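Participant: I am attaching a structure below and will ask some questions about it afterwards.
Laboratory data are not the source of any read-out in this text; all were calculated from the coordinates shown. Here the structure is a predicted model, which means the values were calculated and not measured. Here the Cβ is made from the backbone with ideal geometry for all residues, glycine too, and neighbour counts use every protein chain on show.
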Amino acid sequence: EVQLLESGGGLVQPGGSLRLSCAASGFTFSTYAMTWVRQAPGKGLEWVSTISGSGGSTYYADSVKGRFTISRDNSKNTLDVQMNSLRAEDTAVYYCAKLGYCIRTGCYNFDYWGQGTLVTVSS
Amino acid sequence: DIQLTQSPSFLSASVGDRVTITCRASQGISSYLAWYQQKPGKAPKLLIFVASTLQRGVPSRFSGSGSGTEFTLTISSLQPEDFATYYCQQLNSYPVTFGPGTKVDIK
């Protein structure tokens, strides 16, 4: 059974930093790209960042580019995101998710999601 | 960036109703569209991917269609557990984008 468990959320002041982690199990972690998606309170879903299975390719939303860094440790089956220079608008539940339906041209769904971890940026 | 719009944004329906939600993309995305269901306080759940393929374990009352710029999610006979918010998502190119959501509520 695929399981994704996020941790590291909490309250942080504007301009501060936070590191979120996602522990994965139940699948061959290194084979699959992984992603972070966030949801501000009462709002819709916003894609944040994706990393390839090897970690060699990364993609970021413009809203976090230069401030967030996605990484993975395939020996520990963990996915991380380092969040710096946090702003009030980064307040959200952060979900990690696994990419699925991967064919030659890419991966075309987020098939498993964690339960999310809340990040609150406030003074 | 590819923008997704959904209509309606809110839908009031009864158990047993046929429900259709439309998602439009600002440019062609082939069939690289997925649909998710989200209930309050829960993570999104994948329903359909590449426009019309039902995810394992999802009831057959859910179906998807479309390609290019216009897509639909249909629930053939709404059940009590289907009251939720539904999002479309394009994975044709980065940045990945989601539609704003359609909330399906009880009439």
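Participant: Convex hull volume of the Cα atoms in chain B, per residue, in Å³? Walk me through the numbers on the way to the answer.
Facilitator: Values: hull volume 9.4 nm³, N = 107.
Expressed per residue, the convex hull around the Cα atoms of chain B is 88 Å³.
Participant: Based on the alpha-carbon gyration tensor of the protein assembly as shown, what equivalent-ellipsoid semi-axes (square roots of 5 times the eigenvalues) come out, in whole Å, largest first?
Facilitator: Result for the protein assembly as shown: semi-axes of 29, 20, 17 Å.
Participant: Which entries of A:Lys76/B:Lys45; A:Lys76/B:Lys39; A:Lys65/B:Lys39; A:Lys43/B:Lys103 have Cα-Cα distances beyond 22 Å here? Could the numbers behind the result be given before it?
Facilitator: Working: A:Lys76/B:Lys45 26 Å; A:Lys76/B:Lys39 31 Å; A:Lys65/B:Lys39 29 Å; A:Lys43/B:Lys103 12 Å.
Table pairs above 22 Å Cα-Cα are A:Lys76/B:Lys45; A:Lys76/B:Lys39; A:Lys65/B:Lys39.
Participant: Percent of alpha carbon pairs in segment A:55-98 separated by more than 12 Å?
Facilitator: Of all Cα-Cα pairs in segment A:55-98, 68 percent lie more than 12 Å apart.
Participant: If you average 1/r across every pair of different Cα atoms in chain A and take the reciprocal, what Kirkwood value do you get, in Å? Don't skip to the end; give the middle numbers.
Facilitator: Details: mean 1/r = 0.0694 Å⁻¹.
Here the Kirkwood hydrodynamic radius works out to 14.4 Å.
Participant: For B:Gln3 and B:Ser76, what does the FRET efficiency come to when R0 = 30 Å and r is the distance between their Cβ atoms, rounded to the nearest 0.05?
Facilitator: 0.55
Participant: Around B:Leu78, under 15 Å between beta carbons, what's the net of Lys plus Arg minus Asp minus Glu among the other residues?
Facilitator: Taking every Cβ under 15 Å from that of B:Leu78, the sum is +1.
Participant: What percent antiparallel are the DSSP beta bridges of chain B, to the nearest 5?
Facilitator: Percent antiparallel among DSSP bridges in chain B is about 90.
Participant: Additional query: If the elastic network links every pair of Cα atoms under 10 Å, which of A:Tyr108, A:Tyr94, A:Tyr32 fluctuates the most in the Gaussian network model of chain A?
Facilitator: Maximum among the listed residues: A:Tyr108.
Participant: Between segment B:1-59 and segment A:54-99, what is the separation of their alpha carbon centroids in Å?
Facilitator: After rounding, the separation between the Cα centres reads 25 Å.
Participant: A follow-up question, please. Could you work out the mean count of beta carbons from other protein chains within 10 Å of each residue's beta carbon in B:87-94?
Facilitator: 4
Participant: Arrange the following residues from fewest to most other Cβ atoms within 10 Å of their Cβ: B:Leu78, A:Leu118, B:Leu91.
Facilitator: A:Leu118, B:Leu78, B:Leu91
Participant: Just want the ordering: B:Glu81, A:Glu1, B:Glu70, from fewest to most Cβ atoms lying within 10 Å of their own Cβ.
Facilitator: In increasing order of surrounding Cβ atoms, one gets A:Glu1, B:Glu81, B:Glu70.
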